[in-house]
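This is the structure, below, for whatever I ask next.
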Amino acid sequence: MRGGAKQPARWHPASVVLHWLTLLLVLFQFWIAGPMRDESRDLISRFELYQRHKSVGLTIALFVVLRLVLRLVVPQPGPFESNPWLRGAAGTVHACLYLCLLALPVTGLLLAAASPIQIPTLYFGLFSVPHPIGPNPETYRRMLAWHGWAGNVLIALGVVHVAAVAVHMLVWRDGLLSRMWFGRVDRRRV
Ligand code: HEM
Ligand code: HEM
């Protein structure tokens, strides 16, 4: 879509909604991971918290897939950066953010499935999500480590991403954020 006459000035409203909902859900995931693993809590409330973590995580996966499909079917705005290095850096960070947002639900589902303690994954209590593998201590340990790693990488990338947006808004004052919101776009550089 680059340089096309019909290239929109901002992201499609559906992509905007999914971007900000994903941010809220990801913050929720990091917050709930604390109490759900707190061994001083009673088992029933921990079970509920685990189910919520797993359901919200799978919802994030669904949102990411929807956003990637939207990128293919709806015209997207062109790259914001004119400097090729900054354009490459922004594209790489965005791609890695998407990768982490997919790696977390995949490793999460596999670790839940491979866990020596077999607990079904109930999607918001509505239906049971099939576990693709059975209990396996080695796979469980590996997926748990990868899940933790992906979480740490996501935090690092999120910091870089937010810092980059802050530089655009506060130093360069070029209106980047208006591309990821509704209504009028600041057209200075778009
Ligand atoms: C983007 C989505 C997700 C994020 C950001 C996320 C984040 C986290 C974090 C930060 C932890 C704590 C890890 C640690 O302290 O070592 C955790 C643990 C866990 N996550 Fe996720 N998670 C996500 C999706 C999922 C999904 C979809 C599932 C399963 C269907 C899942 C299952 C688990 C389980 C079972 C644990 C606890 C492991 C243990 O017993 O220690 N997660 N997650
Ligand atoms: C306060 C926090 C955040 C702000 C202000 C923000 C802002 C933005 C803006 C303005 C864009 C559009 C860039 C452009 O037009 O070229 C964008 C894109 C993006 N953001 Fe964020 N973001 C935030 C948090 C996050 C988080 C936590 C994630 C991941 C979990 C994330 C993932 C992405 C991705 C993947 C894109 C690329 C969209 C695409 O190319 O399809 N953002 N963000």
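Read the figures in this text as sums done on the coordinates, not as results from a lab. Owing to the predicted nature of the structure, the values given are computational and were not obtained by experimental measurement. Neighbour counts run over all protein chains shown; Cβ positions are idealised from the backbone, glycine included.
Do any GluC sites (Glu not before Pro) in region 17-97 lie in a loop, going by DSSP, with at most 11 other beta-carbon atoms within 10 Å of their beta carbon, and if so which?
Numbers: sites: 39, 48, 81; in loops: 39, 81.
Here the sparse-neighbourhood loop sites are 39.
Based only on the alpha carbon positions, what is the Kirkwood hydrodynamic radius of region 1-122, in angstrom?
16.6
May I ask you to order 99-107, 177-185 by the average number of other C-beta atoms within 10 Å around their residues, highest value first?
Values: 99-107: 19.6, 177-185: 13.3.
Highest-to-lowest ranking by the protection proxy: 99-107, 177-185.
Also, quick follow-up: Per-residue ellipticity at 222 nm for the chain, helices alone: DSSP H runs ≥ 4 residues times -39500 (n - 2.57), over residue total, nearest 500 deg cm²/dmol?
Calculated mean residue ellipticity at 222 nm is -22000 deg cm²/dmol.
In addition: Using a 10 Å cut-off on Cβ atoms, rank the peptides 139-148, 14-23, 53-62 from the highest mean neighbour count down.
Details: 139-148: 16.5, 14-23: 14.7, 53-62: 18.4.
Top of the packing list down: 53-62, 139-148, 14-23.
Which residue fluctuates most in the GNM of the chain (Cα springs below 10 Å): 13, 79, 132?
For the chain, modelled as a Gaussian network with Cα springs under 10 Å, the answer is 132.
Using the Cα centre as the reference, give the magnitude of the dipole from point charges on the C-beta atoms of the chain (Lys, Arg: +1; Asp, Glu: -1; all else neutral), rounded to the nearest 20 debye. Before the final figure, lay out the partial values.
Values: 19 positive and 8 negative charges, 170 e Å.
So the magnitude is around 820 debye.
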